[in-house]
Amino acid sequence: MSRADNITKLIKTLSNTTPDVEASAVIDNDGLVIASALPADIDDDAVAAMSAALLGIGERIVSELRRGSFELVMVRGDAGYLILARCGPDAVLAILAAKSAKLGLIFLDAARAAKEITRNLG
């Protein structure tokens, strides 16, 4: 099984086992999709490009405000959340979650998934 297949399996498991996680993807720092479990009606490339841009802004804010190392950024809309969690130095896990999501559980599962994805990328 290829690296991308392993990561795709991990993110599909995350979507299937964590309540209110609707979709996810792993994106490199340049905004390219490494693996995706996004619905067909969502453009993978657009999600990847926007996630990379948001990652860059989040990292700059953390650095400029001396808040340590970047770990996570969350955007809330009236229909749900986008959460970006770092997967090592070269990638980020993007999660789409429902409005009713239990964020503590999602943060915990996202951190676990990010560690496993980091191992697969290494």
Test: Pro19 is touching a residue at least 24 places away in the same chain (Cβ under 8 Å), over 18 Å from Asp90 (Cβ atoms) and touching a strand residue (DSSP E or B) at 6+ places or on another chain (Cβ under 9 Å): yes
Only listed residue being surrounded by fewer than 16 Cβ atoms within 10 Å (Cβ to Cβ), among the aliphatic types (A, V, I, L, M), part of a helix (DSSP H, G or I) and at negative phi, chosen from Ala52, Ala40, Ala46: Ala46
Any hit, region 55-70, residues being without any contact (Cβ under 8 Å) to a residue 60 or more places away in the chain, in contact with a helix residue (DSSP H, G or I) (Cβ under 7 Å, 6 or more places away or on another chain) and surrounded by 12 or more Cβ atoms within 10 Å (Cβ to Cβ): yes
Matching residues, region 71-89, being out of contact with any helix residue (DSSP H, G or I) (no Cβ under 9 Å at 6 or more places or on another chain), without any contact (Cβ under 8 Å) to a residue 24 or more places away in the chain and either surrounded by 11 or more Cβ atoms within 10 Å (Cβ to Cβ) or not in a loop (DSSP other than H, G, I, E, B) (or both): Arg76, Gly77
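Computed from the coordinates by the stated procedures, all read-outs in this text should not be read as laboratory data. As the structure is a computational prediction, the values presented were derived from the model and not from experiment. All Cβ positions, glycine included, derive from the backbone under ideal geometry; neighbour counts span all protein chains shown.
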